[in-house]
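What follows draws every value from the coordinates through simple rules; no lab data is involved. This structure is a prediction, so every number in the text was calculated from the model and none was measured. All Cβ positions, glycine included, derive from the backbone under ideal geometry; neighbour counts span all protein chains shown.
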Amino acid sequence: MRVARYLALSMAAVLFLIPFYLVLRNGLATEQEITAPTWTFWPSEIRWENFAELFSNPAVPMVRSMVNSLVVAVLQTFGQLLLCGLAGYGLARIPYRYANVVLYLVIATLMIPAAVTFVPTFVVVSTLGWVSDLRGLVIPGLFSGFTTFLFRQYFLNFPRELEEAARIDGLGHWGTYWRVVVPNSKGFFAALGVIAFVTSWNQFLWPLVIAQDQDSWTVQVALSTFLTSQSIDVVQLFLAAAVSITPLVVVFVALQRFLVRGVTETGIKD
Amino acid sequence: MRHGRAFWLFVGPFAIGLLVFVYVPIAWSLLLSFFDARNTVTPTEFVGLRNYVDMLTDAPFLRSLGTFSVFAAFIVPLTFVLALALALLVNQISFMKAFFRSVFFLPTACSYVVASLVWKLSIFNGVRFGLANTVLGWFGAEPIAWTVSTSPPWYWLVLVTLRLWLQLGFYMILFIAGLQRIPQHLYEAAWIDGASRGWQTLRYITLPQLRTTSVAVLLLLLIAAYQAFDEFYNVLGTDRGYPPFARPPLIYLYYTALGSGGQDFGHGSAGAVILTLLIAGVTLLQGRVITR
Amino acid sequence: MISRRRLLSLAGASALLAACGSNTGRGGNGQALKQWYHAYGEPGVQQAVERYAKSYTKTQVDVQWNPGDYDSKLATSLLSDGGPDVFESTPQISSVRAGQLVPLDDVFGDAKSDFSESILATHTVDGKIYGVPQAVDMQMLFYRKSFFDQAGVRPPSTVDELIDASRRLTKGGVKGLFAGNDGGGGVLGGPALWSAGLDYVRDHQVGFDDPVAAQAIGKLRELYTSDSLLLGAVKDWAEPDAFTQGLVAMQWTGLWTVPAIQKALGDDFGVLPFPKLTGNGKPSVPVGAFGAMVNAKSKRINEAKEFVRWLWIERTDHQEDFNLSYGFHIPPRKSIAGKASKLTSGAAADAVKFVQDNAKASNPPDWTSVMRTAFNDAVSRVVRDGAPADAEIKGAAQKARDELKRLYG
């Protein structure tokens, strides 16, 4: 039984890792090698020059776009945790006549595909003058109904005793939130933070349209230049893909324990 | 009164943003759906329900809604069962647990663009040096044009495996979290009562205890299935547009509203409203059936 | 460049970024004209158009290079106030009717007669010209002479000969023809109509509402089921790789691939238009030209027009450089095309001749996205799914008729 379990898991793991293997193999080989009729499992000679060529390609500013993505993802992550965390707490814990109305409005946004409201959103943002601007890339993505909903569910289950102790010490809602609730919820904040970071890093359609100036491209937009240019260089394309996922893979492997613990604490159970 | 002020202190900043960046665009789209809005988002010609009538009688749009209802009926249970299976397997082992969990979760780090690239250009390309065709070649089979062939429709294999690879890990984590919340004493009590360790505990303890997680997972999967866009667009789309097979509703609406040679926001928005209502309807129905 | 400066300071990685350089070299403040291009694949084009813009002294011009889905991005931006002042595209009747474009007839002056009439026609809507053609692109059939000789096959002059040639040239690892990863339905739909003497739209009427159209599209199905097409190549029809790697004996692709093919195959290739179907039909090549246009929402329409006039009409040297120094295009001005030595021999000379004799507009202004989607869907279903051609074509024609009625009454 145990052997069967490990066998099944190992087979699944191999299947899951194949795409990563392909990205690396294709990114480090020569084009002749990966288009050869017989399969080569690993490039006979790893072409490290591919990195130099990728990073010096003037048409695709890899370094700058990675930095842009990083800045956008960090700001969006912290912005979401701040705004959605506060809102989620308010919705969960502060009794107010219209709280339910606000809650339904938040949940309703989950059903409506963003692609649908895409053009009006662009017009709103461009009216504010935020095209090709960091504000346009970051701010519209801060108001995630999904994150707020998850925060609310989580705070509903937050131990009331802790909050009541804070209340006795004379803290109001604001003080309780910052001094007691947040410090006791680090794991959950970390879990939602990782999810927000990944979502932000991987978003494509919005940055494509809003980040018009080449200096404001994110890494996904840079990747798409490869995909759509009339003369795609397959090797560079895969190498760029490998480079673009590296930061996330590192973050994941480092934080995944945190993530599971954080999700365990979510309110998804209610 | 004091509560009101505190509430808005917490919720206000988020609510203002939600209003400006989410609800204004939603209201705007809704408005557009009642106008003849070609190449403009400030239309003047009110047409009542005509756009809705047009979309509800538009064969490609209806076909697309039909196809993706079938797709949802297929991919939702499949993803659900496989994610649960992975979660159960990973949760039961102790050696190398973190390793397996990481491996299955890792694809979540990849964007749809990256995954589509690997699937389209490296695994399922139609020439001999594609991975799938290489493997077929070892068994002496002819190469298959995976993303082109419509009989049999191999492109579904491409799209479904891609989606599973990208999504399974995330839902597996949700299930693992759910499993870890199940109190151990329930299992112990069941074993004392003579339940077998395999099927019976799964059937009578694990699954009922996972019910709330399951409802959330099903909801998310269902919305994701109807809102499919990215991998379809990147795998099957070409510079000549998108083929009339496996065309997600959102892609059809995307080309209606933003296609080259005519942007029709009236019909695009009306279609979006119809899609949203369909998603809401199916979600409610699913909720009914499960919590029955 | 506000965004860049902001990103710099926030990233705290100025040293890293400084190494990347800037693509304009000037700090913009909203005073510059914004000019948009889609992302050309050939190396050097981006630098060239930036150089042109920089050498314009009357107004500052910032060039923006747009990778990805250019059409959607442009369409979205033209709706807002933040769009470009000058951009390249092909005019569409819907944009003109919605008042998004500025007529440019007065920009041409005496030079109008120097532009190829058929190209100007594709930039004319309701009698006014909306784009100054920058570069002419065309597609044609490339074939390997040596493969044909070995198989004893003559270059096809009818559609049936093309199908027969494709079959006979398929052997071993070599396929007869590559016409796109969708099996040819995307790029050959138009040529199939033209091969039967039909068209997309003709004098404000549907041009393919004819039983012969079903027959012509049926030929594409025959080709698709002949087992002689290459399908699912890594790079699509727009790139020459399948042809230069010897995976196929023929490929449908564009003029822009000529330099790469010459480099790989030397003289061992020839070019043909898409052949005629029968006696009534004609061989054809799809032709299109991006033109420079002015956004009606621009706050500086006159300066934008003046810049377009300077760049694409006054500075004939720029047009020459743009067309001939990087990829391979035909200059839309006859005087420049006539003296281009690159275009006087070999495949390029053939291409010029095809454009003169057999040109068909690949993207006419009144071929709207509704009609295109309906037609492409129909072709795709016939070719790849074996749907009955006459019913599918009839359905598409009906959609097109409704749309044309809406446009022209």
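Points to keep in mind about this one:
- Computed [θ] at 222 nm, helices only, for the protein assembly as shown once each DSSP H run of length n ≥ 4 contributes -39500 (n - 2.57): -17500 deg cm²/dmol
- The residue among C:P240, C:S345, A:G187 whose Cα reaches farthest toward the positive pole of the charge dipole of the protein assembly as shown, with charges on the beta-carbon of Lys, Arg, Asp and Glu, is A:G187.
- For chain A, the longest principal axis of the C-alpha atoms and the axis of helix A:145-156 are separated by about 50°.
- Radius 11 Å from Cβ of A:D169, net charge of other residues (Lys, Arg +1; Asp, Glu -1): 0
- Segment B:7-37 and segment A:178-210 have Cα centres lying 22 Å from one another.
- Global geometry of chain B, whether rounded, prolate or oblate, following the gyration tensor of its Cα atoms and the 1.5 cut on a/c: oblate
- Once the Cα-Cα distance is subtracted from the 0.36 nm per residue extended length, the B:V289 to B:R181 segment shows a gain of 36.4 nm.
- Tensor-based shape of segment B:98-141 (alpha-carbon gyration tensor, a/c under 1.5 rounded, otherwise prolate or oblate): oblate
- Hydrodynamic radius (Kirkwood) for chain C, which is based on Cα pairs only, to one decimal in Å: 22.8
- For segment B:167-270: rounded, prolate or oblate by the Cα gyration tensor [a/c cutoff 1.5]: prolate
- Anchor C:K276: lysines whose Cα lies under 25 Å away (excluding residues fewer than 8 positions away in-chain): C:K145, C:K175, C:K219, C:K353, C:K360, C:K394
- Sparsely packed chymotrypsin sites (Phe, Trp or Tyr not before Pro) within segment A:154-202, loop by DSSP, other Cβ within 10 Å at most 11: none
- Sequence-distant lysines (8 or more away, or on other chains) whose Cα lies within less than 30 Å of B:K97: A:K186, A:K269
- For the pair B:A224 and B:L62, a Förster radius of 22 Å applied to the C-beta separation gives a FRET efficiency near 0.55, rounded to the nearest 0.05.
- Across the cross-link table entries C:K235/C:K263; C:K73/C:K282; C:K128/C:K299, which are compared at the Cα atoms, the separations over 29 Å belong to C:K73/C:K282.
- Translational diffusion coefficient (Stokes-Einstein; Kirkwood radius from C-alpha pairs) of segment A:59-269 at 20 °C, 1.002 mPa s, in µm²/s: 113
- For chain C, the Cβ-based charge dipole about the Cα centre amounts to some 680 debye (Lys, Arg positive; Asp, Glu negative; other atoms uncharged).
- For segment B:88-156, the list of chymotrypsin sites (Phe, Trp or Tyr not before Pro) that fall in a loop by DSSP and count at most 15 other C-beta atoms within 10 angstrom reads B:F95, B:F139.
- 19 Å cut-off, amide nitrogen to a point 7 angstrom out along A:R261 Cα→Cβ, residues in segment A:171-197: A:180-196
- B:I192-B:F74 FRET efficiency (beta carbon distance; Förster radius 30 Å; 0.05 resolution): 0.15
- Per-q log10 I(q)/I(0), the protein assembly as shown, q = 0.09 Å⁻¹ (Debye; single scatterer per alpha-carbon; no solvent): -1.03
- Values of log10 I(q)/I(0), in the order q = 0.14, 0.23 Å⁻¹, for segment A:103-220 under a Debye, Cα-only, solvent-free model: -0.76, -1.28
- Using every pair of separate Cα atoms, the Kirkwood estimate puts the hydrodynamic radius of segment A:36-134 at 18.9 angstrom.
- Annotation for C:D110 and C:R315: the two label points, set 7 Å from Cα along the Cα-Cβ direction, are 2.2 nm apart.
- Estimated dipole of chain A in Debye, rounded to 20 [Cβ of Lys and Arg +1, of Asp and Glu -1, Cα centre]: 1040
- Charge tally for C:K297 (other residues, Cβ to Cβ under 10 Å; Lys, Arg +1; Asp, Glu -1): -1.
- Span-like helix ranges in chain B, DSSP H, alpha carbon extent 20 angstrom or more, Kyte mean at least 0.0: B:2-18, B:59-92, B:155-180, B:211-226, B:265-291
- Theoretical FRET efficiency, 1/(1+(r/R0)^6), r = Cβ-Cβ of B:L207 and A:W42, R0 35 Å, to 0.05: 0.20
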